[in-house]
Amino acid sequence: MSWFVLALAILCEVGATLSLRMASAPGTGADPAKKPSRLWYLAVVAGYLASFALFSVVLRLGLGLGVTYGIWTAAGVALTALAGRVFFKEAFTRTMVGGTVLIIIGVFLIELGQAPT
């Protein structure tokens, strides 16, 4: 159950970050001067509030802070970078892929370090 709640927290955080990108994006299409809807800011606030609330539930359910935070941030970075590439045509270079892999390896090593010996 705690891993499922953590996955929801991650998805809410990524959704909020993508909404922030939409809220700050200039207009597109026929009217590039058109400002984005202010509703995106509501999605930003709602997403981050939900993410932090779910993160606190995960901690209450007993997962360790170091591992939980590491997974939350690493998955958030990786998914946000991939979504930026897919939805906004942003760069996702080999160097960025390598950095994402290193973050994931680092979180894995933190998880191993907490395992009983």
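Here, each number is a calculation from the coordinates, and none is a lab measurement. Since we're looking at a predicted model, the values are computed, not measured. A quick note on method: Cβ atoms are made from the backbone with ideal geometry, for glycine too, and the neighbour counts reach across all protein chains shown.
Summary table
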| read-out | value |
| --- | --- |
| Neighbour count of at most 10 Cβ within 10 Å plus DSSP loop: longest trypsin sites (Lys or Arg not before Pro)-free window in the chain | 39-88 |
| Solvent-free Debye scattering, log10 I(q)/I(0), computed from the Cα coordinates of the chain at q = 0.19 Å⁻¹ | -1.04 |
| The chain, helix-only ellipticity at 222 nm - DSSP H runs n ≥ 4, -39,500 (n - 2.57), divided by all residues, nearest 500 | -27000 deg cm²/dmol |
| Gain on full stretching of the segment that runs from A53 to S37 - 0.36 nm per residue minus C-alpha separation | 3.2 nm |
| Max mean-square fluctuation residue, GNM over the chain, Cα-Cα springs under 10 Å, options A75, A25, A46 | A25 |
| Net length gained if the chain between L8 and S24 were fully extended (0.36 nm per residue, minus Cα distance) | 3.3 nm |
| Nearest-ten-degree value, helix 39-60 long axis tilted from longest Cα axis of the chain | 0 degrees |
| Degrees between helix 65-88 axis and first principal axis of the chain (Cα, 0 to 90, nearest 10) | 30 degrees |
| Helix axis angle, 94-114 relative to the chain longest principal axis, alpha carbon, degrees | 30 degrees |
